[in-house]
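Below is one structure; the comments refer to it alone.
The values are calculated or read from the model by the stated rules, or taken from the named source; none is laboratory data. What you see is a predicted model, and the numbers here were worked out from it, not measured in a lab. A quick note on method: Cβ atoms are made from the backbone with ideal geometry, for glycine too, and the neighbour counts reach across all protein chains shown. Heavy atoms of the whole protein, side chains included, go into the accessibility calculation; ligands, DNA and RNA do not. Shrake-Rupley method; radii C 1.70, N 1.55, O 1.52, S 1.80 Å.
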Amino acid sequence: MAGRTSKWLWRWRGNPLRRHDDVLEAWLVLAVWVLVAVGGTVAGVLTAQAADEVFARQRAERTAVRAVLLSDTPRATAHSYRVLAAVRWTAPDGSVHQDKALVESGLRAGAEVGVWTGPQGGLATAPPSRTEASVESALLGAASAFALSGVVWGTGSVVRRGLDRRRLDRWGEEWDLIGPRWGHRTG
């Protein structure tokens with residue numbers, strides 16, 4: 001086990017062949033892994049919590065009301081079973097409103113349909129159920145965790161590529177100094 005650990009931590013060990021760039025790369029790799037693990041987790045959890053709060057607020061603010069269809073709706077087509085039609089409803093505060101909403105096709109004027117209203121009494125989309133909100137919050141959290149991890153990983157890769165390029169340039173400079181001392185070159 002001690003042999004594995006010393007191999008794994010070779011960039012931090014005292015070694016006459018260890019370069020400054022090796023130490024920088026070791027700290028960079030460690031920082032990238034910590035940011036991916038910890039930062040990705042934190043970003044995912046915070047995003048999921050924020051999304052869940054938004055969905056909970058939508059469920060609390062929106063109200064389902066019954067509306068009356070003001071005109072007949074055409075029959076369903078192959079492309080759509082819902083159509084935009086004029087509806088009238090009474091808000092919880094007693095005020096009467098009229099607007100257009102998506103309703104099922106093939107209904108007659110005077111039919112009752114369900115619509116959702118927002119805090120000001122205007123039409124709103126149906127809020128997601130608790131299950132839908134949980135799934136969507138989890139997906140949004142995972143997406144933000146992967147996005148942050150991707151940015152961190154990509155940035156780390158670009159910096160490592162720069163360190164590699166710098167090491168190769170220095171190796172070439174050193175070879176140009178030492179190479180002529182070796183005598184005859186072939187090719």
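List the residues of segment 137-154 whose backbone N lies under 15 Å from a point placed 7 Å from the Cα of residue 54 along the Cα-to-Cβ direction.
Residues 137-145 qualify, since their backbone N sits under 15 Å from the label point.
If R₀ is 22 angstrom, what is the calculated FRET efficiency for the pair residue 27 and residue 177, using the beta carbon separation as r and rounding to 0.05? If you can, show how the numbers build up before the last one.
Values: r = 29 Å, r/R0 = 1.31.
The formula returns an efficiency of 0.15 here.
For the chain, build the charge dipole from Cβ charges (+1 Lys, Arg; -1 Asp, Glu) around the Cα centre, then report which of 44, 94, 117 sits farthest towards its positive end.
Selected residue: 44.
Which of 28, 102, 46 moves most in a GNM of the chain, Cα contacts under 10 Å?
102
Full-extension gain between residue 41 and residue 102, please, as 0.36 nm times their residue separation minus the C-alpha to C-alpha distance.
18.0 nm
Give me the one-decimal nm value for the distance between modelled label points at residue 19 and residue 77, 7 Å along each residue's Cα-to-Cβ direction.
If labels sit at residue 19 and residue 77, their model points lie 6.7 nm apart.
Taking only Cα atoms and a 10 Å spring cutoff, compute GNM fluctuations for the chain and point out the largest among 20, 97, 79.
With Cα springs under 10 Å in the chain, the top fluctuation among 20, 97, 79 is at 79.
Placing unit charges on C-beta atoms (Lys and Arg positive, Asp and Glu negative, everything else neutral), compute the dipole magnitude of the chain about its Cα centre in debye, rounded to 20.
820
Given the options 126, 76, 86, state which has the largest fluctuation in a GNM of the chain using a 10 Å cut-off (strictly under) for Cα springs.
Checking each option, the largest mean-square fluctuation is seen for 76.
For residue 34 and residue 124, compute 0.36 nm times the residue count separating them, minus their Cα-Cα distance, and round to one decimal in nm. Walk me through the numbers before you get to the answer.
Details: separation 90, 0.36 × 90 = 32.40 nm, distance 4.26 nm.
Once the chain is fully extended between residue 34 and residue 124, it gains 28.1 nm.
When the accessible area of segment 1-151 is split by element with a 1.4 Å probe, what percent falls to carbon and sulfur?
62
Using just the Cα positions, wrap the chain in a convex hull and report its mean projected area in square nanometres, one decimal place.
Result: a mean projected hull area of 22.5 nm².
Based on the Cβ-Cβ distance of residue 61 and residue 86, what FRET efficiency does E = 1/(1 + (r/R0)^6) give at R0 = 30 Å, to the nearest 0.05?
For residue 61 and residue 86, the calculated efficiency is 0.80.
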